[in-house]
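The values are calculated or read from the model by the stated rules, or taken from the named source; none is laboratory data. Note that the structure is predicted; figures quoted are calculated from it, not measured. Please note: Cβ atoms are built from the backbone with ideal geometry, for glycine as well, and neighbour counts cover all protein chains shown. Areas reflect the complete protein model, heavy atoms only, side chains present, ligands, DNA and RNA absent. Shrake-Rupley method; radii C 1.70, N 1.55, O 1.52, S 1.80 Å.
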Amino acid sequence: MAIEQIKMPQLGESVTEGTISKWLVAVGDTVNKYDPLAEVMTDKVNAEVPSSFTGVIRELIAEEGDTLAVGEVICTIEVSGIEHKGESKDATQSNEESVSEHNVSMNDQSNKKRYSPAVLRIAQEHDINLELVNGTGAGGRITRKDLLKLIESGSIPSDHQEEKKPVEEVPVNDISQPLPKQTQPLPQSAPGDIEIPVSGVRKAIAANMVRSKHEAPHAWMMMEVDVTNLVQYRHSVKDEFKKNEGFNLTFFAFFVKAVAQALKEFPQINSMWAGDKIIQKKEINISIAVATEDSLYVPVIKNADEKTIKGIAREITDLAYKVRSGKLASADMQGGTFTVNNTGSFGSVQSMGIINYPQAAIVQVESIVKRPVIIDGMIAVRDMVNLCMSLDHRVLDGLICGRFLSRVKEILETTSKDTTSIY
């Protein structure tokens, strides 16, 4: 008999860690190869971790709610000699590769400043200055274990610490000196308050949002668009479309198509910050936000610029169904290059979205509302919508984003039965 390890798998590109949301087995259970062991959640997708062996569960290393880096051991399985013999070569090779990668990382500091959501969260909670932490991960990357080890030792490097400089005495009446940074205590419950445990999904969302705001300097702009002709066009064909196609022709499909077309004309917007370079993506893959009662998922419409309005409408319907039925796969959330968020579905008329990291921008489509506007010196009631754009100012500037939004506006305002085909 031999003991084998099951490790946290990488469930998608750029995914560096996962959270055990639920164990599906217990110590002593017999499992077959490929049986699901646990439900794991990342900032991109929920998935099940299958067993790589047939055997008996001997130890659950991680508890429900624990977040582990890709490659960390989550449990151990006792397998028979026959099975172990077949697996030993692969396991040995894997261990050798792991050791080799670790030896390389000791001298390589290329990933020193690439922080995972869990690392950022722990650093924020414990006031840790990450610039003063030595990482043991690949390329000098700081891992969750590095921070936990520091916390346990009590030697936490924070913003309060200076690099071995003599401390100068400051007179108490010198008000020109800045006050020391204060660590705010966590709020405490009072009688009658309701405490709601933070789910793993909510933790992942929070970590990703903190990372985006921490790393990307956000800037915003808004443009209003007259979509009266588009509204009339959609109303005139929606019933027949639903009858023929079996799904709804939503306004959102027109907006996604317009953004995809404008991205093709302004490829600078379809970019990502990568430290010492900006990566301009070739494919135009539109991420769309789909909310459930307590979670938010961002599936991707691949190659949106090549799809018709009908094709985009079908994908929106299919992806929304997958999210709400729990059938969304990891592949459905990979490869997004730009995000379009339908905040108007909640009745919002203006918002400032947080960029979907590592993308460089996001557009929020607000509610279509009837407003009086002046046309040729006369007041007319028109269907108006606000497009709100958040941008990463490291990658993009106001000039290019203004031109991009103006192009989206032009496409939408000229959308009509005479100019635009749904098919």
Which value in nm describes the separation of the simple spin-label points at ASP294 and MET222, placed 7 Å from the Cα toward the beta carbon? 3.3 nm
Once ligands and nucleic acids are excluded and a 1.4 Å probe is used, how much of ILE354 is accessible, expressed in Å² to the nearest 10? 60 Å²
Based on Cα coordinates alone, diagonalise the gyration tensor for region 303-423, multiply each eigenvalue by 5, take square roots, and list the semi-axes in whole Å, largest first. 27, 20, 16
Could you work out Rg/(2.2 N^0.38 Å) for region 193-247, with Rg from alpha carbons only? 2.10
For a Förster distance of 45 Å, can you work out the FRET efficiency between the beta-carbons of SER153 and LYS33, rounded to the nearest 0.05? 0.65
Grab every C-alpha pair in region 256-347, bin the distances at 5 angstrom width from 0 up to the longest one, and report whole percents. 3, 14, 23, 24, 18, 12, 6, 2, 0
Calculated from backbone phi, Karplus (6.51, -1.76, 1.60) coupling profile of region 145-157 in Hz, x at Gly/Pro: 5, 4, 5, 4, 5, 5, 5, 5, 7, x, 9, 8, x
Regarding region 298-372, what are the three Cα extents along the principal axes, ordered largest first, in Å? 43, 28, 27
Under the Karplus relation 6.51 cos²θ - 1.76 cosθ + 1.60, θ = phi - 60°, what is the ordered set of whole-Hz ³J(HN,Hα) values for region 381-389, x standing for Gly and Pro? 8, 10, 8, 10, 9, 9, 10, 10, 10
Of all C-alpha pairs within region 183-323, those more than 23 angstrom apart amount in percent to 55 percent
Between THR54 and ILE375, what is the label-point separation in nm under the 7 Å Cα-to-beta-carbon projection? 7.2 nm
For the pair ASP193 and GLU283, the simple spin-label estimate (label points 7 Å beyond Cα toward Cβ) gives in nm 4.6 nm
For a Förster distance of 35 Å, can you work out the FRET efficiency between the beta-carbons of GLU240 and VAL70, rounded to the nearest 0.05? 0.10
Does anything in region 239-278 have its amide N under 20 Å from the 7 Å Cα→Cβ label point of TYR321, and if so which residues? 239-254
Return the subset of LYS7/LYS322; LYS213/LYS327; LYS257/LYS281; LYS281/LYS302; LYS281/LYS307; LYS243/LYS327 for which the Cα-Cα distance in this structure is over 20 Å, preserving the input order. LYS7/LYS322; LYS213/LYS327; LYS243/LYS327
Which order, highest average first, do 211-218, 323-330 follow once you tally other Cβ atoms within 10 Å for each residue and take the mean per peptide? 211-218, 323-330
Where in region 285-318 is the amide nitrogen less than 11 Å from a point lying 7 Å along the Cα-to-Cβ axis of ASN248? 317
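If you rank TRP23, TRP220 by how much accessible surface each has, with a 1.4 Å probe, what is the order from largest down?
Values: TRP23 30, TRP220 110 Å².
Ranked list, largest accessible area first: TRP220, TRP23.
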Mind giving me the FRET efficiency for LEU399 and LYS145? R0 is 56 Å, r the Cβ-Cβ distance, nearest 0.05 is fine. 0.80
